[in-house]
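**Q** There's a structure below that I have some questions on.
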Amino acid sequence: MRAIGLEGFEAKFVADADPWSTWSDRDEAAKRAAILHGLPPGRTGRVLELGAGNGSNSRSLSARALRLDATEATRAGTRLGAEAIAPAGPRARALQLAVPAPPPRNRYDAIVVAELLYYLDPRIMRLLARQVARRLRPGGTLVLAHHRITFYDFAQVAAGIHDRFLVETGVAWTVRPVRQSRRWAVIACYRRPPARMADSPAR
């Protein structure tokens, strides 16, 4: 494997607004529906999307969020994302941000990470995992959606990427499988409350 860098992603979005056919591919539409199904029913308050790419998921997320911060590391991708969420008006914004730079809000009700983690080296993923654990409010939802197949431009193998990321957060999670195909998996994760101390009085 030879990991693609930000320059590579920038070049892809400059050359083609939809380099992975995420707007038109039927399998991508099924994955997008699974991501939305991973969120709580109805509208969610503050939603953070990391690695938003060209905004193909962002548009659907903007319809489910009272406030959406769709972050993307490349300039070209951020521009495409802004165009995708424009119908949502001021409720949604596209921001250029390369993880693990801090997102604009201190707390989010839901965080969505799709097709990003295996492009990060383990050190950066560890920093991002800790940040996600800090920024997701108690009782919030973390949705992870990634390929199960390793591609030539990944920095890490795809198998087990969700498990490795959750371990790196340093907190315990309850995980709900949302949907899995031969190619990808989507899970919804809920942070478990700290275990009660053994010597704490019963309530």
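**Q** So, in segment 52-95, of the ones that are part of a strand (DSSP E or B) and aliphatic (A, V, I, L, M), which residue ends up surrounded by the fewest Cβ atoms within 10 Å (Cβ to Cβ)?
**A** L66
**Q** Take segment 96-154 and flag every residue that is of a type in the set (S, T, Y), within 19 Å of E10 (Cα to Cα) and surrounded by 18 or more Cβ atoms within 10 Å (Cβ to Cβ).
**A** Hits for segment 96-154 are Y118, Y119.
**Q** Filter segment 19-36 down to the residues that are over 18 Å from the mean Cα position of the chain (by Cα) and either in a loop (DSSP other than H, G, I, E, B) or among the polar types (S, T, N, Q) (or both) and list them by number.
**A** Residues satisfying the conditions are P19, S21, S24, D25.
**Q** Same structure, new question: Identify, please: which residue in segment 157-180 is over 15 Å from A114 (Cα atoms) and of a type in the set (S, T, N, Q) and is, among those, surrounded by the most Cβ atoms within 10 Å (Cβ to Cβ)?
**A** Restricting to residues being over 15 Å from A114 (Cα atoms) and of a type in the set (S, T, N, Q), the top hit is T169.
**Q** Related question: Restricting attention to segment 1-18, and to residues there that are without any contact (Cβ under 8 Å) to a residue 24 or more places away in the chain and not in a helix (DSSP H, G or I), which single residue is surrounded by the most Cβ atoms within 10 Å (Cβ to Cβ)?
**A** G5
**Q** In segment 38-51, how many are surrounded by 23 or more Cβ atoms within 10 Å (Cβ to Cβ), out of contact with any Pro (no Cβ under 6 Å at 6 or more places or on another chain) and more than 16 Å from V186 (Cα to Cα)?
**A** The number of residues fulfilling the criteria is 1.
**Q** Quick check, is A110 among the small types (G, A, S) and closer than 15 Å to G170 by Cα?
**A** no
**Q** Within the bounds of segment 75-91, is there any residue that is touching a residue at least 12 places away in the same chain (Cβ under 8 Å), of a type in the set (S, T, Y) and out of contact with any strand residue (DSSP E or B) (no Cβ under 6 Å at 6 or more places or on another chain)?
**A** Within segment 75-91 (the criterion being touching a residue at least 12 places away in the same chain (Cβ under 8 Å), of a type in the set (S, T, Y) and out of contact with any strand residue (DSSP E or B) (no Cβ under 6 Å at 6 or more places or on another chain)), the answer is no, since none of the residues qualifies.
**Q** List every residue pair whose Cβ atoms sit under 9 Å apart, with the two residues 6 or more apart in sequence or on different chains, where the first one lies in segment 137-150 and is assigned to a loop (DSSP other than H, G, I, E, B) and the second, anywhere, is of a type outside the set (A, V, I, L, M) and loosely packed, with under 15 Cβ neighbours inside 10 Å.
**A** R148/Q180; R148/S181; R148/R182; R148/R183; I149/R182; I149/R183
None of the figures in this text is laboratory data; all of them are computed from the coordinates on show. Just so it is clear, the structure is predicted and the values come from calculations on it, not from any experiment. Note: ideal-geometry Cβ built from the backbone for every residue, glycine included; neighbour counts use all protein chains shown.
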